[in-house]
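Working notes, beginning with the structure itself.
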Amino acid sequence: MAARKAFVTGITGQDGSYLAELLLEKGYEVHGLVRRSSSFNTWRIDHVRDRLILHYGDLVDQNSLMRTLELVGPDEIYNLAAQSHVKVSFEMPEYTANVTALGVLRLLDAVREVDLKARVYQAGSSEMYGLVQETPQTEKTAFHPRSPYGAAKVFGHWITVNYREGYGIHASNGILFNHESPRRGENFVTRKITMGVAAIKNGLARELHLGNLDAKRDWGFAKDYVEAMWRMLQQDTPDDYVVATGETHSVREFLEEAFSHVGLRWQDHVKVDPKYFRPAEVDVLLGDPRKARTKLGWVPRVTFEELVRLMVDADMEGGGRPIHPRG
């Protein structure tokens, strides 16, 4: 029997690289969409790149999406590509909307135009809840995004529901709460902290500048979370799922765990800098993962403490420099 084919947008990102590994382990033929850019940023997938089939394309170019989908004919599509940085979305709101919102529409419409019977996963975000209407947040909690990124993700979520109901596409939304790893981008707060810890411990820096230490997030391990994506597309009926740990921790707690892991006091090194505050802050995010646990049989394996330590350890190996970490 021929191997199942998966098509992954955003394959060079944190989630894309872990998902590619998972799909390869399960015997899939894995195709990925990569943007043509001046710097070919593929370090997260270099160790499996000879087993992947990569295609040039872009979520802002529907022709490239249609052409690639026709060529590949995938059984499963995972849309992980986005302008995914909240702070950047305030500085580049139009670009964020074009990629993160309209990109979903272009992809779904390409699936419809090509008449693919593929199952589609759309990467949603806890940032859609923003100014939270209830705690914990469930699949039924109303969205109130507090950033152009969050608003774009809300559009992506509802257009996915729209194409599911309007055209019968097997499309599911994963509402993923914060998920981190040693492969997290260096401009995200968790990775900024673990790289800072490594740099300070190794004598390469003395201070770490951060924004709001009181923000609370539901943090999990990205490698655990991509399994939930895969499980959604194995269901007979498409649906929407919150993927979270059900625990919340502040940035301050993350600091405490990270610095104490290498025998330092964070208070001696961290400076709060107003320039890192968001124009509209999201104070507390806490997901209720009961539906994913019950229907998908998914549970996160890595605890908050284990996650912080494995990220610190990976950055310690690299000496706190901008590195291409494993993990």
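The values are calculated or read from the model by the stated rules, or taken from the named source; none is laboratory data. Source: prediction; values computed, not measured. So basically every Cβ, Gly included, is an ideal-geometry build from the backbone, and we count neighbours across all protein chains shown. Just the protein is used for accessible areas: all its heavy atoms, side chains included, with ligands, DNA and RNA removed. Shrake-Rupley method; radii C 1.70, N 1.55, O 1.52, S 1.80 Å.
Of note:
- Condition met for L176 (under 19 Å from V272 (Cα atoms) and not charged (D, E, K, R)): no
- Restricting attention to segment 28-59, the residues being within 22 Å of L107 (Cα to Cα) and either among the acidic types (D, E) or over 19 Å from the mean Cα position of the chain (by Cα) (or both) number 11.
- Among residues of segment 228-248 being closer than 13 Å to Y78 by Cβ and outside any helix (DSSP H, G or I), the one that is least open to solvent (accessible area, probe 1.4 Å) is L233.
- The residue that is most open to solvent (accessible area, probe 1.4 Å), among those in segment 21-38 that are under 21 Å from T100 (Cβ atoms) and either basic (K, R) or out of contact with any Ser or Thr (no Cβ under 7 Å at 6 or more places or on another chain) (or both), is R36.
- When segment 70-94 is filtered for residues that are open to solvent by 30 Å² or more (accessible area, probe 1.4 Å), in a helix (DSSP H, G or I), modelled with pLDDT of 95 or more and among the hydrophobic types (A, V, I, L, M, F, W, C), the ones remaining, listed by number, are L71, F90.
- Number of positions in segment 40-64 that are open to solvent by less than 40 Å² (accessible area, probe 1.4 Å), part of a helix (DSSP H, G or I) and touching a strand residue (DSSP E or B) at 6+ places or on another chain (Cβ under 8 Å): 1
- Of residues in segment 139-173 being β-branched (V, I, T) and within 18 Å of the chain's Cα centre (by Cα), the one least open to solvent (accessible area, probe 1.4 Å): T160
- Residue selection: Y276 fails the criterion of being crowded, with 20+ Cβ neighbours inside 10 Å, under 28 Å from A81 (Cβ atoms) and among the hydroxyl-bearing types (S, T, Y).
- Residue within segment 208-217 that is hydrophobic (A, V, I, L, M, F, W, C), part of a helix (DSSP H, G or I) and within 21 Å of Y149 (Cα to Cα) present: no
- Contacts under 6 angstrom Cβ, first residue in segment 74-92 being closer than 19 Å to W230 by Cα and in contact (Cβ under 8 Å) with a residue 12 or more places away in the chain, partner charged (D, E, K, R) and open to solvent by 10 Å² or more (accessible area, probe 1.4 Å), 6 or more apart: P74/K5; D75/R4; D75/K5; E76/R119; L80/D15
- Tallying residues that are without any contact (Cβ under 8 Å) to a residue 60 or more places away in the chain and part of a helix (DSSP H, G or I) within segment 131-155 yields 4.
- Residue list for segment 275-315, restricted to those being among the β-branched types (V, I, T), in a helix (DSSP H, G or I) and touching a residue at least 12 places away in the same chain (Cβ under 8 Å): V308, V312
- Within segment 37-57, the set of residues being over 20 Å from L24 (Cα atoms) and in contact (Cβ under 8 Å) with a residue 24 or more places away in the chain comprises N41, G57.
- Matching residues, segment 192-207, being open to solvent by less than 40 Å² (accessible area, probe 1.4 Å) and in a loop (DSSP other than H, G, I, E, B): A205
- Residues that are part of a loop (DSSP other than H, G, I, E, B), open to solvent by less than 10 Å² (accessible area, probe 1.4 Å), within 24 Å of G103 (Cβ to Cβ) and among the small types (G, A, S) occur in segment 178-191; there is at least one.
- Looking across segment 16-39, the residues that are under 24 Å from P182 (Cβ atoms) and out of contact with any strand residue (DSSP E or B) (no Cβ under 7 Å at 6 or more places or on another chain) come down to S17, Y18, E21, L22, E25, K26, R35, S37, S39.
- Total residues in segment 154-201 satisfying the condition of being aromatic (F, W, Y) and farther than 16 Å from P238 by Cα: the figure is 3.
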